[in-house]
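A short worksheet on the structure shown next.
The values are calculated or read from the model by the stated rules, or taken from the named source; none is laboratory data. Please read all numbers here as calculations on a predicted model, not as lab measurements. Methodologically, a virtual Cβ is constructed for each residue, glycine included, from the backbone with ideal geometry; neighbour enumeration extends over all protein chains shown. SASA here: full protein model, heavy atoms, side chains in, ligands and nucleic acids out. Shrake-Rupley method; radii C 1.70, N 1.55, O 1.52, S 1.80 Å.
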Amino acid sequence: MDKDTEEFYERLRLELNSGNVWPAEYLFKFIVPSDAAKIEKVEDAFDCMGAVIDTKHSKTGKYTSISVNVQMPDAQTIIDKYLELSTVEGIISL
């Protein structure tokens, strides 16, 4: 992980810890190319977590937005989930 990425996640960790009492609900938002395997990989990452997942295709159908509302135990678990999903080709985390 490069220095900028490390700094980003450290800022995220500080922000999450300053405004939340854990465990807390967290809303993940992703945009992925509309490829069934990529969408499934994101959905599978939240399997058995009680997540509410909403997907919407773009007007052209080229991209899919995925919103995941899930109870998370702490800020580090959120960061770990972002890192896990950063391996999905073409994913954009919002």
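Return the pair list, or none, for Cβ contacts closer than 7 Å from residues in region 73-90 that are among the hydroxyl-bearing types (Ser, Thr, Tyr) to residues that are part of a helix (DSSP H, G or I) and surrounded by fewer than 12 Cβ atoms within 10 Å (Cβ to Cβ), at least 6 apart or on different chains. Pairs that qualify, where the first residue is among the hydroxyl-bearing types (Ser, Thr, Tyr) and the partner is part of a helix (DSSP H, G or I) and surrounded by fewer than 12 Cβ atoms within 10 Å (Cβ to Cβ): there are none. Within region 40-68, the set of residues being among the hydrophobic types (A, V, I, L, M, F, W, C) and under 16 Å from Leu83 (Cα atoms) comprises Val42, Ala45, Phe46, Val68. Checking the conditions here, which among Val70, Val88 is assigned to a loop (DSSP other than H, G, I, E, B) and surrounded by 14 or more Cβ atoms within 10 Å (Cβ to Cβ)? Answer to the selection: Val88. If I ask for residues that are in a strand (DSSP E or B) and aromatic (Phe, Trp, Tyr), which ones from region 11-35 would you list? Listed by number, the residues that qualify are Tyr26, Phe28, Phe30.
In region 50-67, the qualifying residues are those that are open to solvent by less than 60 Å² (accessible area, probe 1.4 Å) and assigned to a loop (DSSP other than H, G, I, E, B), and the one that is farthest from Leu27 (Cα to Cα) is Gly61.
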